[in-house]
1. Out of segment A:138-163, which residues are touching a Phe, Trp or Tyr at 6+ places or on another chain (Cβ under 7 Å), crowded, with 23+ Cβ neighbours inside 10 Å and aliphatic (A, V, I, L, M)?
2. Whether any residue in segment B:95-103 is away from chain A (no Cβ under 13 Å), part of a helix (DSSP H, G or I), within 11 Å of the chain's Cα centre (by Cα) and not hydroxyl-bearing (Ser, Thr, Tyr) is what I want to check.
3. Output the number of the condition that B:LYS35 fails; it satisfies all remaining conditions of (1) among the basic types (Lys, Arg); (2) more than 13 Å from DNA strand D (Cβ to nearest atom); (3) more than 21 Å from B:PHE106 (Cα to Cα).
4. Can you confirm whether B:SER23 is among the polar types (S, T, N, Q), within 15 Å of DNA strand D (Cβ to nearest atom), more than 14 Å from every other protein chain (Cβ to nearest Cβ) and over 30 Å from B:LEU138 (Cα atoms)?
5. In segment A:41-60, which residue that is near DNA strand C (Cβ under 8 Å from one of its atoms) and part of a helix (DSSP H, G or I) is surrounded by the most Cβ atoms within 10 Å (Cβ to Cβ)?
6. Which residue pairs have Cβ atoms under 9 Å apart, sit 6 or more places apart or on different chains, and have a first residue in segment B:161-177 that is within 15 Å of B:ARG102 (Cα to Cα) and a second that is not in a helix (DSSP H, G or I)?
7. Let me confirm something: among B:THR15, B:THR64, B:THR8, which residue is of a type outside the set (Asp, Glu), assigned to a helix (DSSP H, G or I) and free of Cβ contacts under 8 Å to residues at least 12 places away in the same chain?
8. Suppose the filter is touching a helix residue (DSSP H, G or I) at 6+ places or on another chain (Cβ under 8 Å) and polar (S, T, N, Q); does A:THR8 pass it?
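No value in this document is a laboratory result; all are computed from the given coordinates. It should be emphasised that the depicted structure is a prediction, and the values quoted were computed from it without experimental measurement. Note that each Cβ is placed from the backbone with ideal geometry, even for glycine, and that neighbours are counted across all protein chains shown.
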Number of protein chains: 2
Amino acid sequence: MKSDQIKTVALKYFTIHGYEGASLSQIAEEVGMKKQSIYAHFKGKDDLFLQVLHDAKENELSATRQYFNSLNSYNPKEDLYGFLRFVINLFQKSEQLKFWLRMSFFPPAHLAKEIEAEAVDIDEVVHELLENKFQTWLDASLLVGFSARTLTLAFLGVVDSIYLELVYGNDEKRLEEKLEASWKIYWKGISQR
Amino acid sequence: MKSDQIKTVALKYFTIHGYEGASLSQIAEEVGMKKQSIYAHFKGKDDLFLQVLHDAKENELSATRQYFNSLNSYNPKEDLYGFLRFVINLFQKSEQLKFWLRMSFFPPAHLAKEIEAEAVDIDEVVHELLENKFQTWLDASLLVGFSARTLTLAFLGVVDSIYLELVYGNDEKRLEEKLEASWKIYWKGISQR
DNA sequence: ATGTACCTTACGACCGTTCGTTAGTAAGGG
DNA sequence: CCCTTACTAACGAACGGTCGTAAGGTACAT
């Protein structure tokens, strides 16, 4: 499908150069067509962008849901650490997560409303999935001492720091070291009684 | 000074719209001049950008150094939490930190090298200031159980998560809640023996 | 005091280029 | 026959940047 090919290349350019810096002619050239031909597949730059955005969101959401479905529910240490590994893997496997992060943090002004709506949506889903997991662990007394909400928010903080390191992302060794440090102290903080 | 005024407005536009999305004519209009007049103060867009970048870096560096100089050295809990508060305050007081974060994570491609050099510089300074502090606390047995490096990296992770929340930044209440959760668990993790 | 030279700052006009977008048209498949 | 896809051609608008020029201030010699 040509339109998928266009979206793939567009994702790359939006990710590297941002919305304003990505030009249709460059995208078209990499696909192997003239920029006017893009208009046979999309209404315009905004339409292309929003479709790329929507796809990225859908993929991230379904991948996240899939990870949570694969958990055994009774090993918080393994499942939480696994989620961090899952995030890193997801980021490195496709450009969609990096695109997503760029656009949700620094959206093009005239599309900020639409982007924020999608961002809030995905945010709430992940938060809920995590908090429910924490609650089951609390109910089973596998964790104690903090509310499910506090555990979730702090864990999302660890995820955020991984995101930043990935986006910054030239130094694989640094990422590993930072992940291990954050995780070690987070786990010690929540596992001790 | 007119050139300072230009830099202030430019900082705002670079922060909101990115390098490519910020136009000299818009900046000039807000300053109250024509875009050609900007060339009486700067060699071009790149020059203006790099000067704004340099100023932002200098200010952030000196503010950070100032904070560390004000510490009493023997109250890790207060000093560390104070640093998180300091970061939040710094972010909200000026646009420079947000500008800095945007440009170090998503630099314009043709200036990536220069930006990265400055970013690495500031990064190393902050890291060193923090790790030295942790080492003095370890030497005084105010903390135990982790290396200064691990403590530093994990704490920088907490700072990162604050950065993200600030950049994302529409929800003050969420920021507070997340800060408290991350801090509570981080402190528990490093203070317990 | 006055004229002269120079520098800074600003502006109108305009450069070439690229932007996103539209119109018209031809080829090909169902 | 129509619908999709791709093309050439061209559009107005905006981009960053360069000209020449003019106003204002300062410095200095006359």
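1. The answer is A:LEU151, A:ALA154, A:VAL158.
2. Checked segment B:95-103: at least one residue is away from chain A (no Cβ under 13 Å), part of a helix (DSSP H, G or I), within 11 Å of the chain's Cα centre (by Cα) and not hydroxyl-bearing (Ser, Thr, Tyr).
3. Unmet condition: (2).
4. In short, no.
5. Across segment A:41-60, the extreme among qualifying residues is A:LEU48.
6. So the pair list comes out as B:GLU165/B:ASP171; B:VAL167/A:PHE106.
7. Of the residues listed, the single one that is of a type outside the set (Asp, Glu), assigned to a helix (DSSP H, G or I) and free of Cβ contacts under 8 Å to residues at least 12 places away in the same chain is B:THR8.
8. Against the criterion (touching a helix residue (DSSP H, G or I) at 6+ places or on another chain (Cβ under 8 Å) and polar (S, T, N, Q)), A:THR8 does not qualify.
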